[in-house]
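The values are calculated or read from the model by the stated rules, or taken from the named source; none is laboratory data. As the structure is a computational prediction, the values presented were derived from the model and not from experiment. Ideal geometry is used to build each Cβ from the backbone, glycine not excepted, and the neighbour counts take in all protein chains shown.
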Amino acid sequence: MRAIVTVIGKDKSGIIAKVSSVLAANDVNIEDISQTIVSGNFTMIMLCDLEKSRLSLAELNETMRHTGAEAGVSIHVQHEDIFNAMHNV
Amino acid sequence: MSLINRNQIIETIDMVEKEHFDVRTITMGISLLSCIRESAEETARLCYDRICKKAENIVKVARELGEEYGIPVINKRVSVTPASILAANFPGRETALAKAFDKAAETCGIDFLGGYSALVNKSMTSFERSFIESIPEALAETKKVCSSVNVGSSKSGINMDAVKLLGETIKRAAELTRDADGIACAKFVAFCNAVEDNPFMAGAFHGTGEGETVINVGVSGPGVVHHALKNLKDASIDEVAETIKRTAFKITRAGSLIAKEAAKRLGAEFGIVDLSLAPTPVIGDSVAHILEEIGLESVGAHGTTAALAMLNDAVKKGGVMASSSVGGLSGAFIPVSEDIGMINAARSGAITLAKLEAMTAVCSVGIDMVAIPGDTPASTISGMIADEAAIGMINNKTTAVRVIPVPGKKEGDSVEFGGLLGSAPIMPVSPYSCEKLVSRGGRMPAPIHSNKN
């Protein structure tokens, strides 16, 4: 199963390192990653494979929410199907 | 990023975070026909056991789905077989069922349970009359039980005896909960052309044409539609309709995905997605504000009915494209106390009961959550029900009345129901009597166009 991890917030150093180390520690594989900074706002979107993940999707979401709170950014982990359903006919 | 692009991901997150997009309700319909016994006690016990068994995991599953898909599920509800059928063997003892339902709702942790209902659209048996007479006590003595009565249909006409009885029923329900501003009436709705798969309260029940256990989902998103229209300042009305349609598509697709997954995890059949735009009293979650964004100074202005008709139709067109199982009420809701834009319009006098009635001819579902003076005669309430039922009967649509004659309050006063039920000013009703019409009783014949065979 694949999930989309979205990180949104004020830009500062170490955000990618922090997020990816938590994912790695839980055996979540990052398949694709893209990021931009628009007027100081950081947006990173990752496509992750949860096949070998130690955590369920709901648990990972909660873990990442804490990570986001620590780093001062907002992090969402969502099943990729929701985006496919809403945006593709 | 595969088929999904960045903007779509951000758009989805913004819909939830900034525009109040959510799945308004996951409602499990449960057939209780197998629980019917001779005695009230045994029937109630079996109903309790069956509801608790079937709906045991609904709260847990709803929370999981909210976490996994990133779209919160607000309400978890259950609808059951119309209780008048379950109680046919023990007239006078019906409230035992309401208490069992309430206890089951408490045990399962759900928000509401609907189905303390009777379908008397053509005529009433003696046990159904007894059942309807039990509704005020049932609502006053329970917290989470909702009740409805279907008094008419396009096929059968309007049961005017039931319409008369319901005016009195609503008055008594208000009186029994006088200390709480007649709150029992907020849990009761009178229908014409009631639907069997409605996931929304207070009118949800699990029809006898339904299966064993069914999941019906109500999506929502007035805020999302409102936001989409903010970028269309100078667009023509057909462009506005197109944007609403596209937005409704996205909302419904999300609801449909979550509904199917919920059904799978709960071991139930997937029933329908209800496309209704359901407001809450929160700012940014108002149907009235959509109408105002389209171009009204205030909801209630001339043009309101036209704007609402377009909105309702566009939501349906987008929704029907998104899910092949659309049902329930599927129309914009215009409850007064539950929509901040409607509350403001009622306070300023911009919207009146007459305009609300006109609006119900083009949307779902009727005179909804309207607080009226406590001294309104029962026959006037029956007249309101008859008017709405007539609009439904003639136009082949569902219509409803959910009014609260607030004891001790009069026009100009205000009432606070709290939570999702919101607050409302007391709206004036016509001072002229319809007592003679209502007391005639009998059955209003079905319209000529009901003869289609």
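Does the stretch B:3-19 include one or more residues that are among the basic types (Lys, Arg) and either in the same structural domain as B:LYS144 (by TED's automatic domain parsing) or at pLDDT 95 or above (or both)? Checked against the condition, which is being among the basic types (Lys, Arg) and either in the same structural domain as B:LYS144 (by TED's automatic domain parsing) or at pLDDT 95 or above (or both), the stretch B:3-19 yields no hits at all. Look at the stretch B:1-42 and say how many of its residues are assigned to a helix (DSSP H, G or I) and of a type in the set (Ser, Thr, Tyr). Residues in the stretch B:1-42 being assigned to a helix (DSSP H, G or I) and of a type in the set (Ser, Thr, Tyr): 2 in total.
On the stretch given as the stretch B:1-48, residues that are over 19 Å from B:PRO199 (Cα atoms), of a type in the set (D, E, K, R) and either surrounded by 22 or more Cβ atoms within 10 Å (Cβ to Cβ) or within 14 Å of chain A (Cβ to nearest Cβ) (or both) total 6.
Condition check ((1) touching a residue at least 60 places away in the same chain (Cβ under 8 Å); (2) over 30 Å from B:GLY209 (Cβ atoms); (3) in the same structural domain as B:SER364 (by TED's automatic domain parsing); (4) aliphatic (A, V, I, L, M)) across all residues:
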position: B:ARG246; (1), (2), (3), (4): yes, yes, yes, no
position: B:ILE258; (1), (2), (3), (4): yes, no, yes, yes
position: B:GLU269; (1), (2), (3), (4): no, no, yes, no
position: B:PRO281; (1), (2), (3), (4): yes, yes, yes, no
position: B:GLU293; (1), (2), (3), (4): yes, yes, yes, no
position: B:ASN312; (1), (2), (3), (4): no, no, yes, no
position: B:LYS316; (1), (2), (3), (4): yes, no, yes, no
position: B:LEU329; (1), (2), (3), (4): yes, no, yes, yes
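Does at least one position in the stretch A:64-84 carry a residue that is in contact with a His (Cβ under 6 Å, 6 or more places away or on another chain), at the interface with chain B (Cβ under 8 Å from one of its Cβ atoms) and either in contact (Cβ under 8 Å) with a residue 40 or more places away in the chain or not small (Gly, Ala, Ser) (or both)? Looking for residues that are in contact with a His (Cβ under 6 Å, 6 or more places away or on another chain), at the interface with chain B (Cβ under 8 Å from one of its Cβ atoms) and either in contact (Cβ under 8 Å) with a residue 40 or more places away in the chain or not small (Gly, Ala, Ser) (or both), one finds none in the stretch A:64-84, hence no.
Look through the stretch A:22-56, keep the residues that are closer than 20 Å to A:HIS79 by Cα and hydroxyl-bearing (Ser, Thr, Tyr), and return whichever of them is farthest from the other protein chains (Cβ to nearest Cβ).
Residues of the stretch A:22-56 closer than 20 Å to A:HIS79 by Cα: A:22-35, A:43-56.
Keeping just the survivors that are hydroxyl-bearing (Ser, Thr, Tyr) gives A:34, A:43, A:53, A:56.
Details: A:SER34: 6, A:THR43: 7, A:SER53: 13, A:SER56: 8 Å.
Among those that are closer than 20 Å to A:HIS79 by Cα and hydroxyl-bearing (Ser, Thr, Tyr), it is A:SER53.
Report the residue count in the stretch B:196-251 for those that are assigned to a loop (DSSP other than H, G, I, E, B) and under 24 Å from the mean Cα position of the chain (by Cα). Total meeting the criteria: 19. Considering each residue of the stretch B:259-278 in turn, at least one proves to be assigned to a helix (DSSP H, G or I), buried (at least 24 other Cβ atoms within 10 Å of the Cβ) and at pLDDT 95 or above. Listed by position, the helices (runs of 4 or more DSSP H) inside the stretch B:338-421 whose residues that are touching a residue at least 40 places away in the same chain (Cβ under 8 Å), farther than 22 Å from B:LEU275 by Cβ and basic (Lys, Arg) number at least 1 are B:340-348, B:353-359. Across the stretch B:8-56, the number of residues qualifying as aromatic (Phe, Trp, Tyr) and under 20 Å from B:GLY328 (Cβ atoms) comes to 1. If you go through the stretch B:171-202 and keep only what is touching a strand residue (DSSP E or B) at 6+ places or on another chain (Cβ under 8 Å), farther than 25 Å from B:ASP274 by Cβ and of a type in the set (A, V, I, L, M, F, W, C), you end up with B:ALA173, B:ALA174. Being part of a helix (DSSP H, G or I), modelled with pLDDT of 95 or more and within 14 Å of chain A (Cβ to nearest Cβ) is a property that does not hold for B:GLU175. So B:ALA254 fits all but one of (1) closer than 30 Å to B:GLU56 by Cα; (2) touching a Ser or Thr at 6+ places or on another chain (Cβ under 6 Å); what number is the exception? Every condition holds for B:ALA254 apart from (2). Is it fair to say B:TYR116 is of a type in the set (Ser, Thr, Tyr), within 14 Å of chain A (Cβ to nearest Cβ) and in contact (Cβ under 8 Å) with a residue 24 or more places away in the chain? It is false that B:TYR116 is of a type in the set (Ser, Thr, Tyr), within 14 Å of chain A (Cβ to nearest Cβ) and in contact (Cβ under 8 Å) with a residue 24 or more places away in the chain. Evaluation of B:LEU296 against the conditions (1) surrounded by fewer than 23 Cβ atoms within 10 Å (Cβ to Cβ); (2) in a helix (DSSP H, G or I) shows that the sole unmet condition is (2).
Selection of helices (runs of 4 or more DSSP H) fully inside chain A by the criterion of at least 2 residues being among the aliphatic types (A, V, I, L, M), buried (at least 19 other Cβ atoms within 10 Å of the Cβ) and under 14 Å from the mean Cα position of the chain (by Cα) returns A:15-25, A:57-71. The single residue among A:LYS18, A:LYS12 that is more than 10 Å from chain B (Cβ to nearest Cβ), in contact with a Ser or Thr (Cβ under 9 Å, 6 or more places away or on another chain) and over 22 Å from A:PHE83 (Cβ atoms) turns out to be A:LYS18.
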